Structures are given as C-alpha cells and as structure tokens.
C-alpha cells in the first residue's frame with residue numbers, strides 16, 4: 001500500500017507542554033498510533049483482508065476500529081477527568097459496538113483508515129495534553145470494571161493509550177503466521 005501517516009503532524013500537534021505527565025501519556029498514544037500506521041501502511045491488500053485469529057475481524061477493520069474509537073475513549077476519559085462516574089457501559093455493550101463496526105466497515109480501505117487514524121490520534125493526544133495532574137488523579141466509578149473507582153490516568157492508559165499496541169501485537173502475529 002502507498003498510504004502514508006504523517007509523523008510530522010503528530011509532532012507538530014504537541015504545541016506547548018501543559019505538564020509532564022499529560023505530555024508523556026500523549027506521547028505514548030502517538031507512538032502507538034504511529035507504530036500501527038507504519039505497520040498497516042506496509043501491508044499488502046491480502047494482508048489488509050486477513051482475519052485475526054480468535055477475533056474474526058479483518059486487520060483493516062481493526063485498524064479502523066482503533067482510529068474510530070479514540071473519540072469515544074476520550075469522551076469517557078473526560079468524564080473521569082471531571083470527577084464523574086462512567087455508568088451504564090458494559091463489556092457486552094463494547095462487544096456489540098465492535099461487531100456493528102465490523103459489519104459497517106468490512107470493506108474499509110487503507111487510505112481512509114490511515115487518515116482517520118492520524119486525525120483522531122492527534123485529537124486524542126491533544127485532549128490528553130490539556131489535562132492537569134489533578135484531573136489525571138481524579139477517580140470515579142466505572143461500570144465497565146464492576147464500578148471500581150478508577151483514575152482518569154488509569155482509564156487513559158488502559159484504553160486510548162494501550163489500544164493501538166494491543167491490536168498491533170495481534171496483527172503482527174497474524175501476518176507472521
């Protein structure tokens with residue numbers, strides 16, 4: 001594939017550093033998005049269509065999923081940053097959302113997907129950079145985790161920051177098989 005992801009845009013998006021913790025989180029999110037984009041842009045069309053074992057979704061669909069879900073992950077993180085609980089979200093909801101996304105975007109192309117990954121990862125990183133330490137430290141209950149009180153930072157690390165790394169490892173394994 002000849003689609004490219006622009007690391008310069010990610011670096012240029014950083015702007016003024018609000019605080020070191022938020023900057024470090026944003027940097028890790030960008031590194032993961034960049035690694036995912038570099039991997040995906042080097043795939044053949046056949047590899048883009050490869051179904052992930054135990055998942056069933058195509059690699060291209062999962063790359064799009066990561067890009068597409070950043071805004072929702074950030075919306076939920078913003079709730080925690082404001083000291084508000086995340087309620088009514090279950091893993092069944094997540095699985096239903098992911099299955100619907102897979103059906104809707106089954107034929108998604110690499111160019112569109114990598115553009116979305118770039119745009120949404122930049123926006124997510126910038127939203128993280130805007131957070132203050134006090135917001136990162138705020139904890140509220142999260143229904144997705146049995147109403148455990150979790151900090152905004154933990155939620156960011158476990159979702160928006162980790163997401164690309166989690167799926168990239170599974171994609172690399174599938175392509176090597």
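Restricting the search to segment 76-117, which residues are free of Cβ contacts under 8 Å to residues at least 24 places away in the same chain and surrounded by fewer than 12 Cβ atoms within 10 Å (Cβ to Cβ)?
Within segment 76-117, 92, 95, 96, 100, 103, 107 qualify.
Consider residue 72 against the criteria (1) more than 27 Å from residue 145 (Cβ to Cβ); (2) within 17 Å of the chain's Cα centre (by Cα); (3) at pLDDT 95 or above; (4) surrounded by fewer than 16 Cβ atoms within 10 Å (Cβ to Cβ): it satisfies all of them except one. Which criterion is unmet?
Going through (1) more than 27 Å from residue 145 (Cβ to Cβ); (2) within 17 Å of the chain's Cα centre (by Cα); (3) at pLDDT 95 or above; (4) surrounded by fewer than 16 Cβ atoms within 10 Å (Cβ to Cβ) one by one, residue 72 breaks only (1).
Take residue 25 and decide whether it is closer than 18 Å to residue 136 by Cβ, out of contact with any helix residue (DSSP H, G or I) (no Cβ under 8 Å at 6 or more places or on another chain), surrounded by 15 or more Cβ atoms within 10 Å (Cβ to Cβ) and at pLDDT 95 or above.
Criteria not met by residue 25.
Out of 106, 93, I need the residue that is in a loop (DSSP other than H, G, I, E, B), farther than 15 Å from residue 141 by Cα and more than 16 Å from the chain's Cα centre (by Cα). Which one?
106 is the lone residue from the list that is in a loop (DSSP other than H, G, I, E, B), farther than 15 Å from residue 141 by Cα and more than 16 Å from the chain's Cα centre (by Cα).
Pick from 120, 68, 126: which is in contact (Cβ under 8 Å) with a residue 24 or more places away in the chain, in a helix (DSSP H, G or I) and over 17 Å from residue 157 (Cα atoms)?
So the residue among 120, 68, 126 that is in contact (Cβ under 8 Å) with a residue 24 or more places away in the chain, in a helix (DSSP H, G or I) and over 17 Å from residue 157 (Cα atoms) is 68.
Select from segment 129-141 the residues that are buried (at least 17 other Cβ atoms within 10 Å of the Cβ) and either out of contact with any strand residue (DSSP E or B) (no Cβ under 9 Å at 6 or more places or on another chain) or part of a helix (DSSP H, G or I) (or both) and list them in ascending order.
Within segment 129-141, 129, 131, 135, 136 meet the criteria.
Failed condition for residue 174, given (1) in contact with a helix residue (DSSP H, G or I) (Cβ under 9 Å, 6 or more places away or on another chain); (2) within 16 Å of residue 80 (Cα to Cα), with all others met?
Single failed check for residue 174: (2).
On the basis of being within 25 Å of residue 57 (Cβ to Cβ), in contact (Cβ under 8 Å) with a residue 60 or more places away in the chain and in contact with a helix residue (DSSP H, G or I) (Cβ under 7 Å, 6 or more places away or on another chain), does residue 144 make the cut?
Taking the combined requirement at face value, the residue does not satisfy it.
Being assigned to a helix (DSSP H, G or I), farther than 22 Å from residue 37 by Cα and modelled with pLDDT of 95 or more is true for just one of 144, 156, 114. Which residue is that?
Being assigned to a helix (DSSP H, G or I), farther than 22 Å from residue 37 by Cα and modelled with pLDDT of 95 or more holds for just one of 144, 156, 114, which is 144.
The values are calculated or read from the model by the stated rules, or taken from the named source; none is laboratory data. Being a predicted model, the structure only gives us computed values, none of them experimental. Heads up, the Cβs are rebuilt from the backbone with ideal geometry, glycines too, and the neighbour counts pull from every protein chain shown.
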